[in-house]
Amino acid sequence: MKITSFKVYRSYLALKAHFNGKYDFFKYKGFMKVKVSSFEKRNDIGIFRHLAKHDDPYNYMLANFVEDIHVSSWGFSDEPYKRMMKVKVSIHYTFQQDMKNVENILEALSVNNSSNEIIVKYMSGVISPETVCILHKIFDIVPYWKKHMSSIVYEDILTMIENYEPFLEYDLKKCKDFLIKHYK
């Protein structure tokens, strides 16, 4: 079943508001009250018509918001979606491989000089955003990071982590068991 361009637009607004921390996508089940007339007046309506033809417009937009929480519809690209789909099918493997790049998990999670090894590795592409989200779920680390890392760059990343994690599907116990085995 194909989705209409208006529904894609409504999902876009819900995802954008969710990633900017102004809306709980899950509480409201992705629904936003939007008038068709406001949609029809937009100068980017063609983008939503194009996305409506995509096999997976929802995850396409989600991937782009994970890449940049401030992305506009004009800034969407295929690369974030391809990356996310690749990780999605092998999230446990990705987590394990990413964590092999971290020598000491407790040191990596701590903050030194207003920075953090996990976030630095994420920013340099060594660790996926999914791995950082799983670590947040296990250790509830983002509130600590927010308290000790005060940079606008970090603020956006930490907001993304908190807002992206609920979208992920993974076996938390499997990830915890890997960490216990790997770091004992």
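A short reminder: the numbers here are calculations on the coordinates, not readings from a lab. Treat the numbers as computed from the prediction; the structure is a model and nothing was measured. Note that we place each Cβ from the backbone using ideal geometry, even for glycine, and neighbour counts take in every protein chain shown.
Given 0.36 nm per residue, what is the gain on full extension from Asp68 to Ile45 after removing their alpha carbon distance, in nm?
Working: separation 23, 0.36 × 23 = 8.28 nm, distance 2.08 nm.
Stretched out fully, the Asp68 to Ile45 stretch lengthens by 6.2 nm.
According to the calculation over all Cα-Cα pairs in region 5-77, the P(r) per 10 Å bin from zero is 20, 57, 23 %.
Sequentially through region 157-172, phi angles give Karplus couplings (6.51, -1.76, 1.60; θ = phi - 60°) of 5, 5, 5, 4, 4, 4, 7, 7, 3, x, 7, 7, 10, 7, 8, 4 Hz, Gly and Pro residues having no value and appearing as x. Straight Cα distances below 18 angstrom link Lys41 to the lysines Lys7, Lys33, with same-chain residues fewer than 8 positions distant left out. The trypsin sites (Lys or Arg not before Pro) found in region 142-178 include none that occupy coil by DSSP while having at most 11 further C-beta atoms within 10 Å.
Stick to the Cα atoms of the chain, pair each with every other, and give me the Kirkwood hydrodynamic radius in Å at one decimal. Kindly include the intermediate steps, with their values, before the conclusion.
Values: mean 1/r = 0.0569 Å⁻¹.
The Cα-based Kirkwood calculation yields 17.6 Å.
Couplings 3J(HN,Hα) for region 31-36, derived from phi with the Karplus relation 6.51 cos²θ - 1.76 cosθ + 1.60 (θ = phi - 60°), are 8, 10, 7, 9, 8, 4 Hz, where x marks Gly and Pro.
With 29 Å as the limit, the listed pairs Lys121/Lys146; Lys27/Lys147; Lys53/Lys176; Lys29/Lys173; Lys22/Lys176 have Lys53/Lys176; Lys22/Lys176 beyond it between alpha carbons.
Just want the ordering: Lys88, Lys35, from fewest to most Cβ atoms lying within 10 Å of their own Cβ. List each step's numbers first, then the result.
Values: Lys88 16, Lys35 9.
Neighbour counts put them in this order, fewest first: Lys35, Lys88.
Region 61-115 and region 129-184 have Cα centres separated by 10 Å. In the chain, the DSSP-assigned H stretches of four residues or longer account for a calculated mean residue ellipticity at 222 nm of -17500 deg cm²/dmol, using -39500 (n - 2.57) per stretch and the full residue count as denominator. Within the listed set His148, His92, His136, the Gaussian network model of the chain (springs between alpha-carbon atoms below 10 Å) gives the highest mean-square fluctuation for His148.
Counting only C-alpha contacts under 8 Å and six or more residues apart, can you give the relative contact order of region 28-182 as a whole percent?
Details: 103 pairs, mean separation 29.4, N = 155.
Value for region 28-182: 19 percent.
Percent of C-alpha pairs per 10 Å bin in region 28-136, short distances first: 12, 35, 27, 17, 8, 0.
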